[in-house]
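The values are calculated or read from the model by the stated rules, or taken from the named source; none is laboratory data. Only a predicted model underlies this, so the values are computations on that prediction, with no experimental measurement involved. Every residue, glycine as well, gets a Cβ built from its backbone with ideal geometry; the counts of neighbours run over all protein chains shown. Calculation scope for accessible area: heavy atoms of the full protein, side chains included, ligands and nucleic acids excluded. Shrake-Rupley method; radii C 1.70, N 1.55, O 1.52, S 1.80 Å.
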Amino acid sequence: GRRTEALRQFDQCASILRRELDVAPSAATTELVRRIRAGEHGTLLPTQRAVAAQIGEGPPWIAVLPFRSYADAGISSHWGAAMTEDIVAALTTFTEFVAISSNSTIAYRDSDLGLRQIGRELGAKYVGTGSIRLAGRSMRIAAEVADAETGAVLWAQTYEFGSAEFFDVQEHIATRIVGTWLPKLRENELQRIRLKPVVSSG
């Protein structure tokens with residue numbers, strides 16, 4: 001019955017499998033995780049959401065949704081997925097935050113759900129999103145990170161470079177994105193602590 005801990009363990013194991021062996025969890029395991037996330041009726045119960053998003057339950061979780069790529073502009077969906085995976089891989093090097101596996105966020109690639117609902121369903125405090133598109137001979141990557149509880153965008157940035165350079169600069173841009181996200185997330189967490197009511201023992 002300890003769903004939140006089970007989901008956290010799955011995400012950590014999935015990240016290790018991808019990073020060390022370049023494999024994904026089995027279909028049976030992935031289906032089991034989907035059922036745990038969804039509950040018996042296709043959606044998380046309010047009590048499950050409250051537990052998953054509870055402050056103080058360890059490091060904050062970050063969900064990076066698959067970057068939207070625009071096929072009509074010659075951008076393959078694989079490029080967006082690759083960008084997302086690089087960002088998740090960069091995030092896993094920091095122990096103060098937990099990056100949710102891209103295997104768990106792939107279902108939200110074309111979702112119309114709001115960031116707050118996605119955050120609740122994944123148990124994430126923060127949600128990162130982005131897009132990749134062509135502009136002439138240039139490629140433009142837009143990325144942002146938002147507080148899933150309030151919906152407030154904490155940081156947003158656009159990067160532009162030659163389209164032929166994508167695979168050369170992809171990892172570098174992912175590292176830059178994470179490097180600029182983290183100070184904003186730390187600042188937001190400190191603000192949460194300052195605003196958190198002090199419980200008197202007397």
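The test for being surrounded by fewer than 15 Cβ atoms within 10 Å (Cβ to Cβ), modelled with pLDDT under 65 and part of a helix (DSSP H, G or I) does not hold for ALA28.
Residues that are in contact with an Asp or Glu (Cβ under 9 Å, 6 or more places away or on another chain), surrounded by 18 or more Cβ atoms within 10 Å (Cβ to Cβ) and over 23 Å from ASP22 (Cβ atoms) were ranked within the stretch 58-86; the one that is modelled with the highest pLDDT is TRP61. What pairs can you find where one residue is in the stretch 86-98 and under 16 Å from ILE173 (Cβ atoms), the other is of a type in the set (Val, Ile, Thr) and open to solvent by 40 Å² or more (accessible area, probe 1.4 Å), and their Cβ atoms are less than 6 Å apart, with a gap of 6+ or different chains? Cβ pairs passing all conditions: ALA90/THR175.
Return yes when ARG133 is over 25 Å from ARG19 (Cβ atoms) and within 14 Å of the chain's Cα centre (by Cα) and no when it is not. In short, no.
When you check GLY130 against the structure, is it in contact with a Lys or Arg (Cβ under 8 Å, 6 or more places away or on another chain) and more than 26 Å from THR105 (Cα to Cα), yes or no?
Values: in contact with a Lys or Arg (Cβ under 8 Å, 6 or more places away or on another chain): yes; more than 26 Å from THR105 (Cα to Cα): no.
In short, no.
Sort through VAL153, VAL178, VAL127, VAL169 and tell me the only one that's over 15 Å from ARG68 (Cβ atoms), of a type outside the set (Phe, Trp, Tyr) and in contact (Cβ under 8 Å) with a residue 60 or more places away in the chain.
Working: VAL153 fails: in contact (Cβ under 8 Å) with a residue 60 or more places away in the chain; VAL127 fails: over 15 Å from ARG68 (Cβ atoms); VAL169 fails: in contact (Cβ under 8 Å) with a residue 60 or more places away in the chain.
Exactly one residue qualifies, and that residue is VAL178.
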